[in-house]
1. Looking at the stretch C:68-104 only, could you name the residues that are outside any loop (DSSP other than H, G, I, E, B), farther than 20 Å from A:Lys250 by Cβ and of a type in the set (S, T, N, Q)?
2. Would you mention how many residues in the stretch B:133-151 are of a type outside the set (Val, Ile, Thr) and surrounded by 20 or more Cβ atoms within 10 Å (Cβ to Cβ)?
3. Looking at C:Asp174 and the list (1) in contact with a strand residue (DSSP E or B) (Cβ under 8 Å, 6 or more places away or on another chain); (2) within 11 Å of chain A (Cβ to nearest Cβ); (3) surrounded by fewer than 18 Cβ atoms within 10 Å (Cβ to Cβ), which single condition is not satisfied?
4. Considering B:Val90, B:Val123, which residue is at the interface with chain A (Cβ under 9 Å from one of its Cβ atoms), farther than 25 Å from A:Ala331 by Cα and touching a residue at least 24 places away in the same chain (Cβ under 8 Å)?
5. What about A:Gly289, is it within 20 Å of A:Ile210 (Cα to Cα) and either in a loop (DSSP other than H, G, I, E, B) or without any contact (Cβ under 8 Å) to a residue 40 or more places away in the chain (or both)?
6. Run down C:Ser114, C:Ser151, C:Ser129 and say which single residue is among the hydroxyl-bearing types (Ser, Thr, Tyr), within 30 Å of C:Ile5 (Cα to Cα) and touching a residue at least 12 places away in the same chain (Cβ under 8 Å).
7. Scanning for something closer than 30 Å to B:His100 by Cα, part of a helix (DSSP H, G or I) and either under 19 Å from the mean Cα position of the chain (by Cα) or among the aliphatic types (A, V, I, L, M) (or both), does the stretch B:154-169 turn up at least one residue?
8. Condition first: closer than 21 Å to C:Leu195 by Cβ and either in a helix (DSSP H, G or I) or charged (D, E, K, R) (or both). Now tell me which residues in the stretch C:11-45 satisfy that.
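The values are calculated or read from the model by the stated rules, or taken from the named source; none is laboratory data. Since we're looking at a predicted model, the values are computed, not measured. In this analysis, Cβ positions are derived from the backbone assuming ideal geometry, glycine residues included, and neighbour counts consider all displayed protein chains.
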Amino acid sequence: MTTTLSPQTPGSGPLDVQQELYGAQLPSWGSKAVVGLALVVGAALYLTGTNLVLAALAVWVVSLGLPVWSVVVEGRRKATDRLVTVLVTSAFALAMFPLVSILYTVISKGTKVLSAEFFTYSMRNVVGEGGGIYQALVGTLLITGAAAVISIPIGIFAAIYLVEYADGNRLSRWIRFLVDVMTGIPSIVAGLFAYALFVVFFGEGVRMGIGGSVALSVLMIPVLVRSTEEMLKLVPNELREASYALGVPKWRTVAKVVLPTALAGIVTGITLAIARVIGETAPLLIIAGATDSVNFNLFDGRMATLPVFAYQSIRSPGIPPEFSIDRAWGAALTLLLIVMLLNLIARLVSYFFSPKGER
Amino acid sequence: MTSTLAPRRKRGTVVRAGDRIFSGLSTSAGILILLVLAGVAAFLTIEGVPGILANPDEVKSGQSFWPYVWPLVYGTLIAATVALIIATPVAVGVALFISHYSPRKLGQILGYLVDLLAAVPSVVYGLWGIQFLAPNMVPVYTWLEDNLGFVPFFAGPASATGRTIMTACIVLAVMILPIMTAICREIFLQTPRLHEEAALALGATRWEMARLAIFPYARSGIVSAAMLGLGRALGETLAVAMVLSVTAGTVTANLISSTNPSTIAANIALSFGEASGKTVNVLIASGLVLFVITFLVNFAARSVVDRRKEFSGAN
Amino acid sequence: MAKSIDVSDLNIYYGDFLAVEDVTIPIAAKSVTAFIGPSGCGKSTFLRSLNRMHEVIRGARVEGKVLIDGQDLYGADMDPVNVRRMIGMVFQRPNPFPTMSIYDNVLAGQKLNSKRMKKSESDDIVERSLRSAGLWAEVKDRLDRPGSGLSGGQQQRLCIARAISVEPEILLMDEPCSALDPISTSVIEDLIHELKSQYTIVIVTHNMQQAARVSDETAFFNLSGVGKPGRLIEVGRTETIFSNPTDPATEAYIQGRFG
């Protein structure tokens, strides 16, 4: 073929190959322009009082103009490609929408009630305005703390079993599989389990903080086992061998070489697991109940927690309802801050404390 | 299993006390997990069976167990299914965006943003759903009723508060999005680079590359992601309990009206506080039904995942 | 210090698979013995059976006798953990503990076993071990830095220091230079020469020149066929093996005609 590759105007060449190579294209600013236009239209609609959902829909519809334009200029294949790009990108925008919306709503509605009083007063004998979440903070910390105390040793030892001792036997494969299945246990079922367990010992209508801890442990242990297992697997086998070769027994090797090497990852996993269960509401609603008073005793009676407090405040706000709803947002914001903080700590731990120079 | 995997007594093996204690501790921790799972099933059964057998006049609802639980099962399934239908395409899209459309460096940050959605407590979702999403959905529902009212799902009359099963489904969809995205993303990233390049070298556009190279490879992964999402949606409690305005015993295909079926989990959360006597047993029995349903779904999902050994298991 | 090893009729199994068959070899105290042979011929497996490291892999077991100064390594009352304290090992890739400083890495054998020591005593051990490993001058000012911050060759010498700090009788080296550059390799080879005066050293190497340079005795291992167990073909003075081997397979291997 003797096609010259000198620049030619599109479509003027004698061969189809040139048609392909120099096929008509949208201008490089085309996609940006359409998306920009879409955003302008959406903003204009929203500002002139259109419902937010409909405005967002409008942005999307205008964006679809890009593939339509493309089908006219570039042909079907390119247009399909552009259509998918628009769809995929808008899927991401769609996923970000609730995140932004939730953060914005919680922060804007929650900040106005946050005050020293809000954190240090309980709801005891409070009607209407005032009061705080002290009892719920105490309960959340105690119950989650106890759950962590129960779960961490079980989770870590089970992971040690899976990685260091089981050697892929049948029991370990069953444990691994059922741990995976356990991550899918609905939290309310965990709550019912704790209740059914405690009823056997304490009789009907039992409400106890420690029951909440048991329920949370059921949710927490599988998460811990999985994350710890992954971390232990990352420890190079060479380190274990180096330790054995120095005449160190297996258990000391695990305790003093394997665990310290994986420590940062394990701590990250623990923090994320705590972050996951600290926001659980349903099991606590069942077994820990709710109360307006401060209760420091995990083994005696109802215990308030942040998520249950937020739930109850919105569910039965009393009269007038505004104060209670405000407190619900305040509690939600506090909870969200704790969870985000835990997530941040987890990232920082894994970033700063992982052993350096590891292969 | 053959006997080769059983620990052989080696000549001259002296077992140290420390080793025996340590391996004993970790083995029992592993077994304890199995016991916990068995315990969940056992205690729910012990406390649940009296509820299943209870006479209608012993319980608050005045119904025997199966007629009572059936509308709840229906509500649970319909809510989870619709949530899944909404979430699956979005999750696949988001995962594809992160893995193949966004700039490489940005991918990790974007993934982290999606993961943040998983960190939001369900009670916050509930608050958001009831106070923000529901009111904003009202005009949409009205429009649906006016224009698509002939479809049974949108028959109306549209709810004035927006606290419909559709709103609950949207909240559920958002909640299951992170885990589904995480799994899809993981699998998309594992697509053999050679397949992708082969497709591109044939002159495929990016979308054709995705269709030719990524999706065939990732199909079973997407299926298991969807099933795990379904498991989550079936069991989610608070968000549904808060958002939904429930009429007991409803079984309807209508997604946007003010009479909605409840879900098992939400019903337990709403009724447990005031329940006493056999009513508690009935609620626990319904929890057992939920446990069995989610267990089966998760079991199936994990079996699919386990069959694909390449996939290392996000979450 | 420094003991002899006497191996007779040793078979090594992984489960039902016979990996190394019928090895009989005497190893003299305070000598360097090199194991050479093609990949997969069982020389590393055999080396690891000398301090029972192969038992880390499930299903591994041996038949036959390994005598250390007349004491059966696989005797009924032998604890593999104690065996390994007596017989140190250096691995193919340097593997200092990433969570420990240089100082702690040298003392790892003691620290991991929670042995209590006075500061002066542990300082002594660290200095002596690092001097023996020829690393003291390079790291004496940064003993508290992580061991993984050193170069590959330094890391390997740190691992040698770690192995000799527990004062073993025998030092096993599994291709200790294969991950190192030529300069680091020659430093380690010089080190082996010096350590010979105190320890019995057994080294596995793929590098024929290295075997010729460092060892007194050389043992050649080979596979009798694909899927067959590895065997010891011949063993003798290094000069003899390299100049005048008995077995044609040894000669072929040494001259680079196969393997």
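1. C:Gln71, C:Ser101
2. Final tally of qualifying residues: 5.
3. Tallying (1) in contact with a strand residue (DSSP E or B) (Cβ under 8 Å, 6 or more places away or on another chain); (2) within 11 Å of chain A (Cβ to nearest Cβ); (3) surrounded by fewer than 18 Cβ atoms within 10 Å (Cβ to Cβ), C:Asp174 fails exactly one: (3).
4. On inspection, the qualifying residue turns out to be B:Val90.
5. yes
6. Of C:Ser114, C:Ser151, C:Ser129, the one residue that is among the hydroxyl-bearing types (Ser, Thr, Tyr), within 30 Å of C:Ile5 (Cα to Cα) and touching a residue at least 12 places away in the same chain (Cβ under 8 Å) is C:Ser129.
7. Checked against the condition, which is being closer than 30 Å to B:His100 by Cα, part of a helix (DSSP H, G or I) and either under 19 Å from the mean Cα position of the chain (by Cα) or among the aliphatic types (A, V, I, L, M) (or both), the stretch B:154-169 yields at least one hit.
8. Listed by number, the residues that qualify are C:Lys30, C:Lys43, C:Ser44.
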